[in-house]
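Engineer: The structure that follows is given in the form of structure tokens.
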Amino acid sequence: DAMVIQNPRYQVTQFGKPVTLSCSQTLNHNVMYWYQQKSSQAPKLLFHYYDKDFNNEADTPDNFQSRRPNTSFCFLDIRSPGLGDAAMYLCATSTATGDRRETQYFGPGTRLLVL
Amino acid sequence: RKEVEQDPGPFNVPEGATVAFNCTYSNSASQSFFWYRQDCRKEPKLLMSVYSSGNEDGRFTAQLNRASQYISLLIRDSKLSDSATYLCVVNDGGSYIPTFGRGTSLIVHP
């Protein structure tokens, strides 16, 4: 089945130790998103790619970087994780065809714990 | 600033009850509306899109009120398995960056 895959599902890192989360998709969607979600809060968009075009949200900390080497893969790099970065990180895709009915497809998320 | 507002709840209802959630949006140019369901510690999954004419899928009915800028979700004959957080998602015309509400928590008890 076509899907969005995230690895790892759980990541434990130490304060300040860089970590990379990965996302892959078999849907061939041109838009990929990274969200941060904390308990009882809405998913917060960090950045997104439209094809190779990178779009950073204004309030995304510099500590967060992203790479999209090809259509299928997208990575989230947290250069120096702080305790406040502990959260669920969700990857999503969409086709962005302009069809009003198009929706986002989410991966299962990576839960990050910072010690 | 674009806003999507939801009552966070929790809504605590017995099995078999009918429950309704509302979601208000501030951007009158919004074109697309969705309800997503998110189980605890899982990813959001599309429950249903919301069309101008309203739509129904089994026990779930979604409606849009453009004049008052809100959408609603009605769940009839609640099941224990309906316990989840329901996220309201709104998209502007031509945008592929949706705005999420913080979600409404539903707890269905025996």
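The values are calculated or read from the model by the stated rules, or taken from the named source; none is laboratory data. This structure is a prediction, so every number in the text was calculated from the model and none was measured. Note: ideal-geometry Cβ built from the backbone for every residue, glycine included; neighbour counts use all protein chains shown.
Engineer: Kindly indicate which of A:S80, A:S39 is in a loop (DSSP other than H, G, I, E, B) and facing another protein chain (nearest Cβ under 10 Å). Give the steps one after another, and end with the answer.
Structural biologist: Details: A:S80 fails: facing another protein chain (nearest Cβ under 10 Å).
Only one candidate passes the filter, namely A:S39.
Engineer: Report yes if some residue within the stretch A:58-74 is part of a strand (DSSP E or B), without any contact (Cβ under 8 Å) to a residue 40 or more places away in the chain and over 25 Å from B:R41 (Cα atoms); otherwise report no. So that I can check it myself, show each step before the final result.
Structural biologist: So in the stretch A:58-74, the residues part of a strand (DSSP E or B) come out as A:64-67, A:73-74.
With the extra rule that they be without any contact (Cβ under 8 Å) to a residue 40 or more places away in the chain, the set shrinks to A:64-67.
With over 25 Å from B:R41 (Cα atoms) added as a condition, the list becomes A:67.
Yes, the conditions are met somewhere in the stretch A:58-74.
Engineer: Out of the residues in the stretch B:101-110 that are surrounded by fewer than 22 Cβ atoms within 10 Å (Cβ to Cβ) and assigned to a strand (DSSP E or B), state the one that is nearest to the other protein chains (Cβ to nearest Cβ).
Structural biologist: For the stretch B:101-110, the residue satisfying everything is B:S105.
Engineer: Can I ask one more? Only one residue in B:N91, B:N12, B:N27, B:N22 is polar (S, T, N, Q), farther than 26 Å from A:Y33 by Cα and either more than 10 Å from the chain's Cα centre (by Cα) or within 11 Å of chain A (Cβ to nearest Cβ) (or both), so which one is that? Explain how you work it out, then say what you get.
Structural biologist: Working: B:N91 fails: farther than 26 Å from A:Y33 by Cα; B:N27 fails: farther than 26 Å from A:Y33 by Cα; B:N22 fails: either more than 10 Å from the chain's Cα centre (by Cα) or within 11 Å of chain A (Cβ to nearest Cβ) (or both).
Within the list B:N91, B:N12, B:N27, B:N22, the selection yields B:N12.
Engineer: Let me ask something else about it. Please determine, by comparing only the residues of the stretch A:32-65 that are crowded, with 18+ Cβ neighbours inside 10 Å and among the aliphatic types (A, V, I, L, M), which one is nearest to B:S105 (Cα to Cα).
Structural biologist: So the residue we want is A:A42.
Engineer: Return the pair list, or none, for Cβ contacts closer than 7 Å from residues in the stretch A:25-43 that are in contact (Cβ under 8 Å) with a residue 60 or more places away in the chain to residues that are small (G, A, S), at least 6 apart or on different chains.
Structural biologist: Taking only residues 6 or more apart or on different chains, the pairs are A:Q25/A:S72; A:L27/A:A2; A:H29/A:S94; A:N30/A:A96; A:V31/A:S94; A:V31/A:A96; A:Y33/A:A92; A:Q37/A:A87.
Every residue, every condition in (1) of a type in the set (G, A, S); (2) over 15 Å from the mean Cα position of the chain (by Cα); (3) modelled with pLDDT of 95 or more, yes or no:
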site: A:K17; (1), (2), (3): no, yes, yes
site: A:S24; (1), (2), (3): yes, no, yes
site: A:L27; (1), (2), (3): no, yes, no
site: A:N30; (1), (2), (3): no, no, no
site: A:Y35; (1), (2), (3): no, no, yes
site: A:F73; (1), (2), (3): no, no, yes
site: A:A86; (1), (2), (3): yes, no, yes
site: A:L112; (1), (2), (3): no, no, yes
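Engineer: Return the total of residues in the stretch B:16-44 being more than 21 Å from B:E3 (Cα to Cα) and touching a strand residue (DSSP E or B) at 6+ places or on another chain (Cβ under 8 Å). Please lay out each step first, then the result.
Structural biologist: Of the stretch B:16-44, the ones more than 21 Å from B:E3 (Cα to Cα) are B:16-19, B:39-43.
Applying the additional criterion that residues be touching a strand residue (DSSP E or B) at 6+ places or on another chain (Cβ under 8 Å) yields B:17-19, B:39-41, B:43.
The number of residues fulfilling the criteria is 7.
Engineer: Still on this model: Under 8 Å between Cβ atoms, at least 6 apart or on separate chains: pull out the pairs that start in the stretch B:84-110 with a residue that is without any contact (Cβ under 8 Å) to a residue 40 or more places away in the chain and end on any residue that is of a type in the set (A, V, I, L, M).
Structural biologist: Filtered contacts from the stretch B:84-110: B:Y96/A:V31; B:Y96/A:A96; B:I97/A:L45.
Engineer: Tally time: how many residues in the stretch A:66-85 are surrounded by fewer than 20 Cβ atoms within 10 Å (Cβ to Cβ), out of contact with any Phe, Trp or Tyr (no Cβ under 6 Å at 6 or more places or on another chain) and under 20 Å from A:I5 (Cα atoms)?
Structural biologist: Qualifying residue count for the region: 7.
Engineer: While we're looking at this one, here's another question. Inside the stretch B:1-78, counting only strands (runs of 3 or more DSSP E) that do not spill past its ends, which hold 3 or more residues that are crowded, with 20+ Cβ neighbours inside 10 Å and in contact (Cβ under 8 Å) with a residue 24 or more places away in the chain? Before you say what the answer is, go through the steps one by one.
Structural biologist: Working: elements: B:4-6, B:11-14, B:19-25, B:30-38, B:44-50, B:55-57, B:60-65, B:70-75.
Filter on the stretch B:1-78 gives B:19-25, B:30-38, B:70-75.
Engineer: Is one or more of the residues making up the stretch B:2-13 aromatic (F, W, Y) and touching a Gly at 6+ places or on another chain (Cβ under 9 Å)? Full working, then the answer.
Structural biologist: Filtering the stretch B:2-13 down to residues aromatic (F, W, Y) leaves B:11.
The next check asks that each one be touching a Gly at 6+ places or on another chain (Cβ under 9 Å); those that pass are none.
Within the stretch B:2-13, none of the residues are aromatic (F, W, Y) and touching a Gly at 6+ places or on another chain (Cβ under 9 Å).
Engineer: Would you say A:A96 is surrounded by 16 or more Cβ atoms within 10 Å (Cβ to Cβ), at pLDDT below 95 and part of a loop (DSSP other than H, G, I, E, B)?
Structural biologist: Numbers: surrounded by 16 or more Cβ atoms within 10 Å (Cβ to Cβ): yes; at pLDDT below 95: yes; part of a loop (DSSP other than H, G, I, E, B): yes.
Yes.
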